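First up is the structure itself, then whatever we jot down about it.
The values are calculated or read from the model by the stated rules, or taken from the named source; none is laboratory data. Just so it is clear, the structure is predicted and the values come from calculations on it, not from any experiment. Ideal geometry is used to build each Cβ from the backbone, glycine not excepted, and the neighbour counts take in all protein chains shown. Side chains are part of the model used for accessible areas, which takes the heavy atoms of the whole protein and leaves out ligands, DNA and RNA. Shrake-Rupley method; radii C 1.70, N 1.55, O 1.52, S 1.80 Å.
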Amino acid sequence: MPTEITAAYARVAQALADACLRAGRKPGDVGLVAVSKTHPAEAILPVLEAGHRLFGENRVQEAKAKWPELTARFPGVELHLIGPLQSNKAAEAVALFDAIETIDRDKIAAAVAAECRKQGRKPKLFVQVNIGAEPQKAGIAPAEVDAFLIRCRNEHGLDISGLMCIPPADEPPRPYFDALAKIARRNGLDQVSMGMSQDFEEAIAAGASLVRVGSAIFGARG
Ligand SMILES: *Cc1c(COP(=O)(O)O)cnc(C)c1O
């Protein structure tokens, strides 16, 4: 099991480097967020031991249970929250995560801003965009992103680093990746988090600065 994960991680890292070269980008320009949600510490260890330090989790409680011990053992870990955030978890999220990729409404922006001030912390922040305008999905509608970014800055005092999206599941993702990259560009944001196990190479071609890869590294989730 651990050796399988080590081999899968090496394959993904190589595929990422190859995709960067094909896209005329430097491998170091694209961060690999290894998404360890649902997987126990024993599954994460081989990836930490391979020297990887950038990880994503989608639940505050789960991350809180798993990560403090690992971050104490492996200095330099950068932990990203990639799942939905409730305002009553904002304090824990700001305390634990180095980046929150799922700022998706004013209430969350305000709660995170208040906690950042209170705790004197400054996690990197991303606005989640509902890039396919799907009714069931979280995120700011594409047409409302520019105005939301202005409110984040002017009303909430938040410094937003970039945009994040999860495109519709059953359609080719490339047009959605291009659309997110375009919204980021016109707002002067250089961080774009998009692409998962099935499509991270296409996301890199479209300009992703972060890809979030879970099952291709850790295997299927139970
Ligand atoms: C689970 C998850 C991922 C990783 O998905 P895989 O298909 O396992 O690579 C990426 N982003 C988000 C927001 C997720 O919830």
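Some notes on this structure:
- Meets criteria (within 16 Å of the ligand (Cβ to nearest atom), touching a Cys at 6+ places or on another chain (Cβ under 8 Å) and not acidic (Asp, Glu)) for residue 210: no
- Qualifying residue in the stretch 122-141 (condition: open to solvent by less than 60 Å² (accessible area, probe 1.4 Å) and in a helix (DSSP H, G or I)): no
- Any hit, the stretch 80-91, residues being over 15 Å from residue 216 (Cβ atoms), among the hydroxyl-bearing types (Ser, Thr, Tyr) and out of contact with any Ser or Thr (no Cβ under 9 Å at 6 or more places or on another chain): yes
- Total residues in the stretch 107-120, condition in a helix (DSSP H, G or I) and open to solvent by 50 Å² or more (accessible area, probe 1.4 Å): 4
- Total residues in the stretch 16-39, condition more than 12 Å from the ligand (Cβ to nearest atom) and not in a loop (DSSP other than H, G, I, E, B): 11
- Criterion: away from the ligand (no atom under 16 Å from the Cβ), open to solvent by less than 70 Å² (accessible area, probe 1.4 Å) and modelled with pLDDT of 95 or more - qualifying residue of 99, 95: 95
- Residues in the stretch 183-201 that are touching a residue at least 40 places away in the same chain (Cβ under 8 Å) and part of a strand (DSSP E or B): 191, 193.
- Within the stretch 192-207, if we keep just the residues that are within 12 Å of the ligand (Cβ to nearest atom) and open to solvent by 40 Å² or more (accessible area, probe 1.4 Å), the residue that is farthest from the chain's Cα centre (by Cα) turns out to be 198.
- The stretch 156-182, residues that are more than 21 Å from residue 83 (Cα to Cα) and either open to solvent by less than 20 Å² (accessible area, probe 1.4 Å) or without any contact (Cβ under 8 Å) to a residue 24 or more places away in the chain (or both): 172, 175, 182
- All positions within the stretch 60-77 that are closer than 13 Å to residue 94 by Cα and not β-branched (Val, Ile, Thr): 61, 63, 64
- Single residue of the stretch 41-91 satisfying the filter (polar (S, T, N, Q) and out of contact with any strand residue (DSSP E or B) (no Cβ under 8 Å at 6 or more places or on another chain)) that is most open to solvent (accessible area, probe 1.4 Å): 88
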